[in-house]
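Engineer: Can you read through this structure? Questions will come right after.
The values are calculated or read from the model by the stated rules, or taken from the named source; none is laboratory data. The structure presented is a predicted model; accordingly, all values stated were derived computationally and were not measured. Every residue, glycine as well, gets a Cβ built from its backbone with ideal geometry; the counts of neighbours run over all protein chains shown.
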Amino acid sequence: MSLFAPSAEMVGRDTELELLREALDRAHRGEPASVLLSGEAGIGKSRMLREFARIAEPQATVLTGWCLDYGSTPAPYGPMAAIVRGLVAELGGAEAAGPGRDALRLVLPEFGEGPIDRASVAPESLGEAIANLLEAAALIRPVAVLVEDLHWADAATLSLVSFLLRALADRRVLFVLTCRTDETRRGGPVRAFLGEAERARLIERIPLGRLDRQSLRTLVASLAGDVDESALTRMLERSEGVPFFVEELVCNVQGPLPETLRDLLLARFDQLGDDAQRVVRAVSGSEAPVSHELLARLVDLDEQRRDAAIREATNAAVLVVRDDAYAFRHALLREAVHDDLLPGERARLHWDYADALERIADETGAPLQSALAFHWHLARDAPRALPAAVAAMVQAKVSFAYSTAARFGELALELWDQVPDAEEVTGTPRVMLQMRLGQILRNAGHGERALAVVDLALSELDPHEADPAVHVRLLRDKGLNLQNLARPGAIEAFLEALEVMAARLDDDRLRASLLTYLAGRYQLAGRFEEAIGLLEEARSIADRLGDDEIASVAINLRSAGRMHLGEVDEMIAGFAESRRRAQRHDSRLRYRVNYSDALYVTGRFRDAIVIAEEGIAQAESIGVRRTSGSILTQNIVEPLLELGEIAWAERLLDTDLGMRTLRVFRVYTTGSRVRALIWRGRLDEARSLLDEWRPVFELAAELEQQVAFGYLGIELMLTTAGGDLDGAVALVRHLLDEAPTVNALRRFVLLSAGWLLVRMRARGDAERASGLAREVAAAWEALPTGLRGDAWSAVLLALCAPSEQALRAALPFADGPDIPVIHRVTVRLDLARTLVAAGDRASAAAVLAEAGEIAAALEHAPLQDQVAEFAAATGLRAAGTADAIAEAAVDLTVRERQVLDLLVEGLSNRQIGERLFISAKTVSVHVSAILRKLGVASRTEAAVVATRGGAVAPASTETLSGAQVIRITDA
């Protein structure tokens, strides 16, 4: 029986089906094409998928996987088993998976002998292995990957699908996802995944709406023949145009209409014989397709009667055959059958499932803890559900599926009070379960829930009777959760933990560890001397104990503090020692987090990227990509933005913002997202995003100086880019008068003030700029020597006291590798202004042309606009451009004309590429050609030329050297 055999004619979906066909065609050409079919339950998503698969099968390999509903505890990588199994069958083996082939056992344990050591398999290896298999299959023929019911996906599946969408965007692979969007919770992982995937243009949404009257008439006619208008009206009222409900109503058209939806859903079921109903009831206990072997264990019928019952149920379209398993035709029908069971029947059914699955696990060694926890829970057998939930939590954790582990842990906590001897049954005290669950929630990025669990444990703890080591660790975890949520109280929690230790616990190693956490908070608050004192004490303890781990962390943090005090050479030496002494994952990861940040702050941008990339690889290998990996992504994005690698930075932000992480890390990446929007000239979006996050920024800024300086710098960039010079001046005044003076991040904001000074002078506000420049220069000179640097000092001081000699001397420094690239433009802009003032217009025009070319190459829209604004104000290019258009038509290719039209609309290179289905790099080549042919310096000037200096004459086309060209002529 074909999975894709339709049960009724599909109607009212011609447009949507054509969009799917077009997506398949794009995928065939290797273009991004993935699709989300969205709509309410019963709207026809699965039916549409079956029809599309039937059409696609002759020209593509079609692979289908299903996300399964285990209530609050979905199994990791639910749909991947069927997809991987199909790929292996298509390719005749799994060799194409490459070095990560063993990771496939995370979804298919049968791909090897013996139990899998999940702790040794990194989750990214699974993604790479599946991506390799899909790439290999796509070389043979296009591949369509269909993932049903994404609303039931676990976090591990969402992360994996997100990776595959990005990794295979330019391969001949089409993903079609279905989702009940009305069942995705606001703020939940599925809603966040979909929002980010659509924002990043990884998927195109095709919504399925309800059927109109005409489509309903056609559907009813295909199911039951002609009906009169009154019956059709009644059916439209009852079904509300939902195709599934229509089909159920039609099944009872000759009898009395059911009074409720359940009656409608059960109408077909009620017509089955006793044996078939028995089979259907058994299958209703599982959201997953039920294998023939499992069904045989659940239904006590002889083989002949059982097969006859299954055939009756499938012929009645109550059940369908999926590979070698049985499932309901529609999830709503399964729910209705299951809900129709009496409470005792339902509990016995799940008891039978759990008992059968336990026997299968004993016989095969299959890891079935998640299913066992689910069924024992619904069987109301808390003593068995509790240990299964704890085991499932551990299993998911070692598979790096932290969100799934958290759900099982929360289930275990819910069941705890229902089991009198819970501690004996699970082999762990309740407080230890709470502590472990809190840590899992933190790693999963659930900061609020992690804090709630820790607070619950502390409230249940008797501080005088409890194990002081547990008490101290819970206080430590509370401090960590508070800092991750950017809330006050972390310092107080760490201090309380130290007080408990002083009174009740002699554990030098734990004390040294707490000192490093407290020192870290002091440093973020700008209390560097206090922090360094605590870190010296922690290192002394570690050295006495011979503990290189604690010593590495203490030296690491002390080095970061020395950087802010201007002791850069000592910082570098300290980080080298920290790396030498780092022995385990925690100290190595903290080294890479802090050293990459320190390299960025001191202007060593390329080195910072290398160290942060190493850190991300490590974070992924130990399953903390959502937490430590997020801040390491930020540590790459920040130097990329200074280097002008905007496209790379945007790709990383798209990936990171699509994942759930801790609140404080989202503060950092959101700030970088605002900066990227400013770079692209999308200032309204930047303001809107900043306004949305402003309360969070302001709260975090009270606790962390790096947030405060970053927030101030972003505000300064936005006001300067938008031309709000009064607002920008006020921000610089705040920096000079109120912001902390001992912090290495201060120099970034001071350097950014150089752009403001250039813009003020270009606008004719030279007198006020001169006064502000003197104060900025004085503040710069007050920084410790180690924080100024030759390149940064040369550029900023030249912008503060501009002269032709100083600005020309600053140019080599501005063009160097260790200074924000925007100053390649700002220095040239100010030099052009200086030359105009001196009457050397020819030299000014040449320098301005260089500035325009650099701004265009960087795709920095505000700087491009500023170059054009200055050119228009000085008339340096207006006459030449008009002459070029008046005297000779400019030949542009068809593609260049298309690009120019979109430039006029104000689109960025990336947006133009998305519109024309070409890469941003290709767009950049076309833009450069347009600027050269038009003889202009910037995108803005090109747009002005196209709309004012000349008019496009589409009819004036000719063929030149085999290429069609369009001539731009005078209006």
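Engineer: Looking at VAL454, VAL419 in this structure, which one is crowded, with 23+ Cβ neighbours inside 10 Å and in contact (Cβ under 8 Å) with a residue 12 or more places away in the chain?
Structural biologist: Exactly one residue qualifies, and that residue is VAL454.
Engineer: When you go through LEU783, LEU796 one by one, which is the residue that is in a helix (DSSP H, G or I) and either surrounded by fewer than 22 Cβ atoms within 10 Å (Cβ to Cβ) or of a type outside the set (Lys, Arg) (or both)? Give the steps one after another, and end with the answer.
Structural biologist: Working: LEU783 fails: in a helix (DSSP H, G or I).
Being in a helix (DSSP H, G or I) and either surrounded by fewer than 22 Cβ atoms within 10 Å (Cβ to Cβ) or of a type outside the set (Lys, Arg) (or both) holds for just one of LEU783, LEU796, which is LEU796.
Engineer: When both residues are 6+ apart or on different chains and their Cβ atoms are under 6 Å apart, which pairs have a first residue that lies in the stretch 179-202 and is under 15 Å from SER38 (Cβ atoms) and part of a loop (DSSP other than H, G, I, E, B), and a second that is at pLDDT 85 or above and not polar (S, T, N, Q)?
Structural biologist: ARG180/HIS151; THR184/HIS151; THR184/VAL190; THR184/ARG191; LEU202/LEU165
Engineer: A further question on this structure: Would you mind telling me which numbered condition in (1) in a helix (DSSP H, G or I); (2) free of Cβ contacts under 8 Å to residues at least 12 places away in the same chain; (3) under 21 Å from VAL867 (Cα atoms) GLY764 fails?
Structural biologist: (1)
Engineer: Then there's this: Is it true that PRO463 is surrounded by fewer than 18 Cβ atoms within 10 Å (Cβ to Cβ) and closer than 19 Å to LEU703 by Cα?
Structural biologist: no
Engineer: Can you name the residue in the stretch 795-811 that is without any contact (Cβ under 8 Å) to a residue 24 or more places away in the chain and over 39 Å from the mean Cα position of the chain (by Cα) and is also nearest to GLY566 (Cα to Cα) among such residues?
Structural biologist: LEU797
Engineer: Hey, another quick one. Can we say GLU135 is of a type in the set (D, E, K, R), over 20 Å from SER399 (Cβ atoms) and at pLDDT 80 or above?
Structural biologist: yes
Engineer: Follow-up. Please enumerate the residues belonging to the stretch 32-47 that are among the hydrophobic types (A, V, I, L, M, F, W, C) and either in a loop (DSSP other than H, G, I, E, B) or modelled with pLDDT under 90 (or both).
Structural biologist: Listed by number, the residues that qualify are ALA33, ALA41, ILE43.
Engineer: A further question follows. Considering the stretch 266-322 alone, what residues qualify as being in contact with an Asp or Glu (Cβ under 8 Å, 6 or more places away or on another chain), acidic (Asp, Glu) and either part of a loop (DSSP other than H, G, I, E, B) or surrounded by fewer than 17 Cβ atoms within 10 Å (Cβ to Cβ) (or both)?
Structural biologist: GLU287
Engineer: Ok, one more. Do any helices (runs of 4 or more DSSP H) entirely within the stretch 836-891 hold 1 or more residues that are at pLDDT 90 or above, and if so, which?
Structural biologist: 841-858, 861-874
Engineer: Looking at ILE631, ILE646, which is the one that is among the hydrophobic types (A, V, I, L, M, F, W, C) and modelled with pLDDT of 90 or more?
Structural biologist: ILE646
Engineer: Moving to a separate point now. Among the candidates ALA779, ALA814, ALA846, single out the residue that is without any contact (Cβ under 8 Å) to a residue 60 or more places away in the chain and farther than 30 Å from ASP607 by Cβ.
Structural biologist: Answer to the check: ALA846.
Engineer: Here is a further query. If a residue counts only when it is in contact with a Cys (Cβ under 7 Å, 6 or more places away or on another chain) and within 23 Å of SER621 (Cβ to Cβ), which helices (runs of 4 or more DSSP H) contained entirely in the stretch 349-453 have at least 3 such residues?
Structural biologist: none
Engineer: If a residue counts only when it is without any contact (Cβ under 8 Å) to a residue 24 or more places away in the chain, which helices (runs of 4 or more DSSP H) contained entirely in the stretch 516-625 have at least 2 such residues?
Structural biologist: Values: elements: 528-545, 548-564, 568-581, 585-601, 605-621.
Hits in the stretch 516-625: 528-545, 568-581, 605-621.
Engineer: Within the stretch 695-704, can one find any residue that is of a type outside the set (Val, Ile, Thr), touching a Pro at 6+ places or on another chain (Cβ under 8 Å), surrounded by fewer than 23 Cβ atoms within 10 Å (Cβ to Cβ) and in contact (Cβ under 8 Å) with a residue 12 or more places away in the chain? Steps first, please.
Structural biologist: Residues of the stretch 695-704 that are of a type outside the set (Val, Ile, Thr), as a first pass: 695, 697-704.
Of the ones still in play, those that are also touching a Pro at 6+ places or on another chain (Cβ under 8 Å) are 702-703.
Within this subset, residues satisfying the condition of being surrounded by fewer than 23 Cβ atoms within 10 Å (Cβ to Cβ) are 702-703.
Narrowing further to those that are in contact (Cβ under 8 Å) with a residue 12 or more places away in the chain: 702-703.
Yes, the stretch 695-704 has at least one match.
Engineer: So which residues in the stretch 897-951 are over 36 Å from the mean Cα position of the chain (by Cα), crowded, with 18+ Cβ neighbours inside 10 Å and at pLDDT below 75, if there are any at all?
Structural biologist: Matches in the stretch 897-951: VAL936, ALA937, GLU941, VAL944, VAL945, ALA946, GLY949, GLY950.
Each row is one residue, and each column tells you yes or no for (1) assigned by TED's automatic domain parsing to the domain that holds SER770; (2) touching a Phe, Trp or Tyr at 6+ places or on another chain (Cβ under 7 Å); (3) not basic (Lys, Arg).
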| site | (1), (2), (3) |
| --- | --- |
| ARG680 | no, no, no |
| PRO695 | no, no, yes |
| TYR711 | no, yes, yes |
| LEU716 | no, no, yes |
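Engineer: VAL500 is checked against (1) in a loop (DSSP other than H, G, I, E, B); (2) in contact with a Pro (Cβ under 7 Å, 6 or more places away or on another chain); (3) not hydroxyl-bearing (Ser, Thr, Tyr) and fails just one. What number does that condition carry?
Structural biologist: Failing condition for VAL500: (1).
Engineer: Still on this structure: Across the stretch 827-840, which residue is nearest to LEU643 (Cα to Cα) among those that are surrounded by fewer than 24 Cβ atoms within 10 Å (Cβ to Cβ) and among the β-branched types (Val, Ile, Thr)?
Structural biologist: Filtering the stretch 827-840 for residues that are surrounded by fewer than 24 Cβ atoms within 10 Å (Cβ to Cβ) and among the β-branched types (Val, Ile, Thr), the one nearest to LEU643 (Cα to Cα) comes out as THR834.
Engineer: Sticking with this one: Only residues in the stretch 271-285 that are small (Gly, Ala, Ser) count as the first member; pair them with residues that are modelled with pLDDT under 95 and part of a loop (DSSP other than H, G, I, E, B), Cβ under 9 angstrom, at least 6 apart or cross-chain, and list the lot.
Structural biologist: Short answer, once both residue conditions are applied: ALA276/ALA316; ALA276/VAL318; ALA282/VAL299; SER284/LEU341; GLY285/LEU341.
Engineer: Shifting gears a bit: Could you please find all residues in the stretch 121-152 being in a loop (DSSP other than H, G, I, E, B) and in contact with a strand residue (DSSP E or B) (Cβ under 8 Å, 6 or more places away or on another chain)? Give the derivation first.
Structural biologist: Of all residues in the stretch 121-152, those in a loop (DSSP other than H, G, I, E, B) come to 121-122, 141-142, 149.
ARG141, PRO142, ASP149, listed by residue number.
Engineer: Which of the residues that make up the stretch 332-390 are within 30 Å of GLU110 (Cβ to Cβ) and surrounded by fewer than 16 Cβ atoms within 10 Å (Cβ to Cβ)? Reasoning before the result, please.
Structural biologist: Within the stretch 332-390, the subset within 30 Å of GLU110 (Cβ to Cβ) is 334, 338, 349-379, 381, 384-390.
The answer is ARG359, ALA361, ASP362, GLU363, THR364, GLY365, ALA366.
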